[in-house]
Every structure is written in C-alpha cells, then in structure tokens.
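To keep things clear, I will list the structure first and then write my remarks on it.
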Amino acid sequence: MSQDIQQLRQEFKQKIDILNNHLFAAGVNNPITRIQQLSFFFFLKMLEEQDIAMEKEEELTKRKHKSIFSGKNEKFRWSRWRNKTGKDLEKFVSDKVFPFIENLHNGHANIRQVFQGAKLWIPDAVTLKRTIEIIDSIDFFGLDTDVKGDLYESLLATIEAAGKLGQFLTPRHIIRAIVEMANPKIGDTVYDPACWSGGFIMIAYEWIKLRNSNPKNIEERDGRKIALGDKLNDKQWKFLAEQTFYGQDVDLDMVRLALMNLILHGLEGAHVRRKDTIAGTEDEEDLRTYDIVLTNPPFAGKINKERIKPSLPVKSNKTQVLFLGYVINSLKPNGRAGIILPEGSLFGTNKDD
C-alpha cells in the first residue's frame, strides 16, 4: 500500500471523528442516523468520482458506461452544487439532489433504492454546510473504485451501536478465507441472508474478478489482489454484474448501507432487499435456492416460535439455529455454504437447541 493511500486513510479516520462530533453537538445523537446522513453525502461525492473512474475503466475493458450526470443532469454533480450556502443549499439537497437520485432511470435500481424515502436530518444550514466542507476536503479524486470502497467501509466500522443490535462488522480476512474456500465461479449464484454491510457479497465479487483477469492487470494492494475481471466476455460480465449476487437484511438502514458499499465497490447490480429472513410472512423468494450461501447471522437474538417461517427445517428460539436451517434449505444440490456460528451451535458443552 502506497504512502499516499496510508496518509489518506489516516486523514479519513480523523475527519470521520470530527464529523461525528460535529453532528453530535448539533443534536444528531443516534449513531445510526449520523452514519446514515454522512453516508448519503460521502456517497454523493464518491458517486461523481465513481462515474469518472468508470469512464476511464471503459477505455481498458471496452464495457460501455453511460453517465448518470449527462446532459441536463450535470447540475446534480457534487462539484456543481457543493458551494451553495444557507437555505439554498438545504433546499437544493433536500428537494433536488435526493429526489434526482431516488428517481434515476436506465437500470440504476439500487442507487434509487439507497435514496428511496431518504430525508435530510441535519438540523440547520450551518451544520450542513460545515459537513459538506469537511467531506469535500477529503481528496478522493484519482483513487480507484476499490480504495474508495475501502474508505467507505471504514466509515461503516464507526457504527457504535452495532454490537448492541447483534450485528458485527466481520473482519475482512475472515470473509476472504471463507470466500476462498467456497470458491465462487462465474455462473454461480451467491447469497447472503444476513448481509449487513455487504462484505461477503463484495469480496465474492472481488474473488470472481480476480479468477478471471489477465495477470498483468492484477494489482497487489494492502495484502490483497485487485483485478478488473477483464477476461470475462460480455455475457459473463452481464451475469456477474446482474444475476450473481443476492442478499437481504431485516434492517432497512443496513440495506441502504450495504447497497452504498457495493455500488462504491463497482457492483451496482446486486439484488439486496429489506426482509426478515427467518420470521414473518413467507413468499416465493424464501424458497429460492443458490449455488453458494455465505453469511454471518446475528447470534444474540431470540424469536417467538409462532413467528418462525414454516419452511424452516428446525424450530428454535435462537436465531443462529434458525439461520443454519435456512442456509441448508437455501442451497442447490451440491451447493456450498460458509457460515459463521458460535462454537456451541455445532459442538461443545453448550450446544444450541
């Protein structure tokens, strides 16, 4: 990893702390709300830079890219509205920028989903302006998609309430080890039924691209290999981008954050939705099967047995047991699964019921 990237990451972490303190002092006390609001603005800034990066990538891969900011939409680029001030800034962001993203067409369903029903909760124009100034001072320009995605993940890691919610940011080296063992290939379908920030999906995407790249275009960075998937033909790339990855999470805020994470890593076509995996009403999607299931389900929760979905092969009030049964049901014949469970779920003196 270059010294410049190390310096940027340190700067990024420092400014995240400043932003968290800034919003907390302005009355945005809920950590999930703070991160969500910051995520919207990081996403808007990175979205323009991602658009520029994909235009450059088009030259190498020959995959066509249509900018969402073309023509009359130029005014919605971060660089075009960031200098507004006062009520003009508040009104433009709330009434123009958010609705523009929410109503994108031409296949940008996941970007629309990120901003569906999004509200500006930053309480005043002064706080909003200062937030935008701090974010604008972070120099992302010229960095590729993977570095921007990694920086965004460091923002996700600051969600202080995660442990209380039974949700944990799975260490990336553990995810990579599990993905490598599962070895997803082009043509496989990959599913995470408790996707949180989308880590398993994102790293499975990286893995498939790596296995289908020209060695001369593979870059070693920060202990991992970054690749473009340039050996994939158009049909294979379309399958990878649009028909390979599926995920869901019970928390709508987490779904938003996962979608932002995946988009900023260059994967806009993953199918991620808000849904309770193990409880509540059942539909056809609950019976769908996949080639590979990768997940780190919540351990802490318990559930009323009357709410358990009838298709699950086990009945338990422990979420990890229900998820294990769900994962088994979700596999195609000869499918592969990687699931993180507490020790007592499978062996030991405190076996789960």
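The values are calculated or read from the model by the stated rules, or taken from the named source; none is laboratory data. Predicted, not measured: the structure shown is a model, and the values here were computed from it. Positions of Cβ are backbone-derived with ideal geometry, glycine not excepted, and every protein chain shown enters the neighbour counts. Each accessible area value is taken on the protein alone, full model and side chains, heavy atoms only, with ligands, DNA and RNA left out. Shrake-Rupley method; radii C 1.70, N 1.55, O 1.52, S 1.80 Å.
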*asked:* Being out of contact with any Lys or Arg (no Cβ under 8 Å at 6 or more places or on another chain) and open to solvent by less than 30 Å² (accessible area, probe 1.4 Å) is the filter here; which residues of region 119-138 pass it?
replied: 122, 127, 128, 131
*Considering only region 264-277, how many residues are open to solvent by less than 10 Å² (accessible area, probe 1.4 Å) and either more than 10 Å from the chain's Cα centre (by Cα) or among the β-branched types (Val, Ile, Thr) (or both)?*
2
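Which residue is nearest to the chain's Cα centre (by Cα), if the candidates are limited to region 287-342 and must be part of a loop (DSSP other than H, G, I, E, B) and of a type in the set (Val, Ile, Thr)?
The first filter runs over region 287-342 and keeps only residues part of a loop (DSSP other than H, G, I, E, B), leaving 288-289, 296-301, 303-304, 309-317, 340-342.
From what's left, of a type in the set (Val, Ile, Thr): 289, 303, 314, 340.
On the way: 289: 22, 303: 26, 314: 30, 340: 19 Å.
Looking at the filtered set, the residue picked out is 340.
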*Right, residue 202: in contact with a Leu (Cβ under 9 Å, 6 or more places away or on another chain) and either in contact (Cβ under 8 Å) with a residue 24 or more places away in the chain or open to solvent by 10 Å² or more (accessible area, probe 1.4 Å) (or both) or not?*
yes
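Somewhere in region 91-105, is a residue under 18 Å from residue 22 (Cβ atoms) and either under 22 Å from the mean Cα position of the chain (by Cα) or surrounded by 16 or more Cβ atoms within 10 Å (Cβ to Cβ) (or both)? Give the steps one after another, and end with the answer.
Looking only at region 91-105, we keep the residues that are under 18 Å from residue 22 (Cβ atoms), and these are 93.
Those left that are additionally either under 22 Å from the mean Cα position of the chain (by Cα) or surrounded by 16 or more Cβ atoms within 10 Å (Cβ to Cβ) (or both): 93.
For region 91-105, residues under 18 Å from residue 22 (Cβ atoms) and either under 22 Å from the mean Cα position of the chain (by Cα) or surrounded by 16 or more Cβ atoms within 10 Å (Cβ to Cβ) (or both): present.
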*Which condition does residue 41 not pass, out of (1) free of Cβ contacts under 8 Å to residues at least 60 places away in the same chain; (2) closer than 14 Å to residue 135 by Cβ, if it passes all the others?*
(1)
*Qualifying residues in region 157-175 (those that are surrounded by 16 or more Cβ atoms within 10 Å (Cβ to Cβ) and more than 18 Å from residue 295 (Cα to Cα)) - the one modelled with the lowest pLDDT*: 159
